[in-house]
Amino acid sequence: MSERIRIAIIGFGKIAQDQHVPSIAGNPRFELVATANRTGEGADGVPHFTSDEALLAAMADKLDAVAICTPPSVRFDIASRCIAAGLQTLLEKPPGDTLSEVEELARLAAEKPVTLFTTWHAQYNPGVTAAAGLLAGKRIAAMKIYWHEDVRKWHPGQQWIWEAGGFGVFDPGINALSIATRIFPGALFVREAILSFPENRQAPIAARLAFHSPVAEGPLDADFDWRHEGGEAWTIEVRTADGDIILLSEGGAKLSRNGESVAPAGPGEYPAIYQVFAELVDGHQSHVDVAPLRLTADAFLAGKRELVEPFEDPARG
Ligand code: NAP
């Protein structure tokens, strides 16, 4: 199939507007034909609906695909309805609240059949693919993940991130885990985790994780923190047993090997996601990757909880 894919965005918030709209507009295979949100307005020039059900009822024969960019808690119900309607379905990260939900979506998509694509945007940095190539088959001496950012900058006024099931600092931290699971040359398991919960919130503002792996000899650590002001620090450094130092920085956008910059080319995260989505639809295939969600779930299973000072968000008014 090489005709245009008519797509609607469900959940028209920050990431939909910042990334999905321009990436759809920049890819000739896609045409944005509708949006849905419970409140607020949609994209200029296309119909907007206040629920996915209203969208599906009105647009059933004018739609091929959906990009679901809501918070994760409502994604399973919406995705189930879209799959049942025969729509090719792209899920923002994380693909669901629980592993069981994502497994069931994969089953439903295979049964229908439609394409189900669990996107992990950080994996689509060209440096991430290159790092996976540099680490393939190696033994690992150590890995240090450092993922610090300012929650007030990246999630201004958002409340869902602080609810149980809202992921807290794992909302960005899962991006680091999506890179780690993509580049690490073997299985990764959570050994221990310390989760820091503001005393007025249901989700952690910081987390420290330690992993183990059959292909690693030394420490494998991750440090996530949402209390970081003045720019982001998103790095993953992997030392191989044969002495290489592979450093991904700027969230995976930059790669160096032993201090020398490696500059692989690529279209960028979200344009690459839409290229892959078109290929999956054309090939009648799905791509369902739960590895980052599984590590996150394991961190909550294994995690010790510590209480830290309350978090207040002035953007909430
Ligand atoms: P957001 O700004 O809160 O947007 C979420 C949107 O979903 C809101 O517009 C909300 O509007 C809508 N929504 C909620 N429930 C809905 C429902 N039942 N039906 C239809 N629409 C619904 O959040 P975001 O930052 O864009 O994040 C959304 C997802 O993208 C998250 O999973 C996040 O991890 C991921 N992501 C975010 C970023 C980022 O930088 N912010 C980056 C990459 C990925 P209403 O409440 O009016 O319905």
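Read-outs: derived from the displayed coordinates by stated rules, not from any lab. Just so it is clear, the model here is predicted, and its values are computed rather than measured. Here Cβ is always computed from backbone atoms with ideal geometry, including for glycine, and neighbour counts include all displayed protein chains.
Summary table
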| read-out | value |
| --- | --- |
| Angle in degrees between helix 291-302 and the longest Cα principal axis of the chain, rounded to the nearest 10 | 60 |
| In Hz, Karplus ³J(HN,Hα) per residue of segment 216-221 (6.51, -1.76, 1.60; θ = phi - 60°; x = Gly, Pro) | 10, 9, x, x, 10, 10 |
| Filtered GluC sites (Glu not before Pro), segment 250-317: DSSP coil and at most 13 other beta carbons within 10 Å | 312 |
| Isotropic mean projected area of the C-alpha convex hull, segment 175-252 (nm²) | 6.1 |
| Estimated vicinal HN-Hα couplings, Hz - segment 37-52 in sequence order (Karplus 6.51, -1.76, 1.60; Gly, Pro = x) | 7, 6, 10, x, 10, x, 7, 4, x, 10, x, 10, 10, 9, 7, 5 |
| Computed over the chain, Kirkwood Rh from alpha-carbon pairs, angstrom | 20.3 |
| Proxy reagent accessibility, fewest Cβ within 10 Å first, across 69, 82 | 69, 82 |
| Mean-position separation - Cα centroids, segment 281-311 and segment 82-137, in angstrom | 13 |
| Point-to-point label distance, residue 99-residue 61, nm (Cα→Cβ direction, 7 Å offset) | 4.4 |
| Contour excess over end-to-end distance, with Cα ends at residue 232 and residue 134 and 0.36 nm allotted per residue | 32.8 nm |
| Dimensionless Rg/Rh of segment 5-118 - Kirkwood Rh, Rg from C-alpha atoms | 0.93 |
| Mean shadow area of segment 157-292 over all directions, Cα convex hull, nm² | 10.9 |
| Over 28 Å (Cα to Cα) - which of 14/304; 138/254; 62/153; 14/138; 254/304 fall in this group | 14/304; 62/153; 14/138; 254/304 |
| Simple label model, 7 Å out from Cα along Cβ direction - residue 307 to residue 39, nm | 3.0 |
| The chain: most fluctuating residue of 80, 100, 249 per GNM, C-alpha cutoff 10 Å | 100 |
| Percentage relative contact order, the chain, counting C-alpha pairs under 8 Å, at least six apart | 20 |
| Rough spin-label spacing in nm, given labels placed 7 Å along Cα→Cβ, for residue 291 and residue 265 | 2.8 |
| Phi to ³J(HN,Hα) by Karplus 6.51 cos²θ - 1.76 cosθ + 1.60 over segment 92-102, Hz, x for Gly, Pro | 5, 7, x, x, x, 7, 9, 4, 4, 4, 5 |
